[in-house]
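Below you'll find the structure, written out as structure tokens, and then a few comments.
The numbers here are math on the coordinates, done by the rules we state, and not lab data. Not measured: the values here are computed from a predicted model. With ideal geometry, Cβ positions are generated from the backbone for all residues, glycine too; neighbour counts draw on all protein chains shown.
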Amino acid sequence: MMKWFSKKNNLDEMQELQLLKIESRGFWIGFIGLAAAIAVQAFLYGVNSAGDMFLGEFIVFLCMGLYLIGNCLRNGIWDRHLKATPAVNIGLSLLAAAVTALFNAILSYRNFQNVSAAFSVFITRFLMISIVLSVTLTLCSALYRRRRKHLEEESDDIES
């Protein structure tokens, strides 16, 4: 079996770029697909009763997210289109918190048919998630800036 595998790259630069695009699309299809599967199962079966049902999907989703974050920070990459600024971090935190809190409020209303309970679930989840995400994104952007500075200093040392 090992004789079939060669360390020599059989692809030219164009094929390598195409393969990277294919792998990237495949990763994002899997990531979004797992997120959708978790959301649909939680909506159909409820969060409490489906907890064990989508534990495997959640573990794979979590590992994919941690892999992506870890490698992007290690390589000094933040995003193609967004800058690592406090305003962007807060805006993304508020958006993600609103979407997640709304999803939880809808689940709460579906399970208990109580508008005030659903509203309190929305407010509680919104505040908790927005604070946790803001702190996490602020920490990650600080790590990104530090790593970026280190990589730039390394490249300056190599050029000198």
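For a Förster distance of 22 Å, can you work out the FRET efficiency between the beta-carbons of Lys83 and Glu13, rounded to the nearest 0.05? Don't skip to the answer; put the middle values down first.
On the way: r = 29 Å, r/R0 = 1.33.
Taking R0 as 22 Å, the efficiency between Lys83 and Glu13 is 0.15.
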Taking R0 as 45 Å and r as the Cβ-Cβ distance between Thr124 and Glu152, the FRET efficiency 1/(1 + (r/R0)^6), rounded to the nearest 0.05, comes to 0.60
Could you calculate the contour length gain from Ser116 to Ala36, that is, 0.36 nm times the residue separation minus the distance between their Cα atoms, to one decimal place in nm?
26.1 nm
Can you bin the range 12-74 into rounded, prolate or oblate? Criterion: square roots of the alpha carbon gyration tensor eigenvalues sorted a ≥ b ≥ c, rounded for a/c under 1.5, prolate for a/b above b/c, oblate for the rest.
prolate
Gyration tensor verdict on the range 79-160 (Cα atoms; rounded if a/c is under 1.5, prolate if a/b is larger than b/c, oblate otherwise)
prolate
Approximate spin-label separation Phe27-Leu44, in nm, with each point projected 7 Å along Cα-to-Cβ
2.9
Using only alpha carbon positions, build the gyration tensor of the chain, then give the equivalent ellipsoid semi-axes as the square roots of 5 times its eigenvalues, largest first, whole angstrom.
38, 25, 12
Residues other than His150 with Cβ under 13 Å of its Cβ, Lys/Arg counted +1 and Asp/Glu -1, net out at +1
Stretched fully, the stretch from Leu143 through Met64 gains (0.36 nm per residue minus C-alpha distance, one decimal, in nm) 26.5 nm
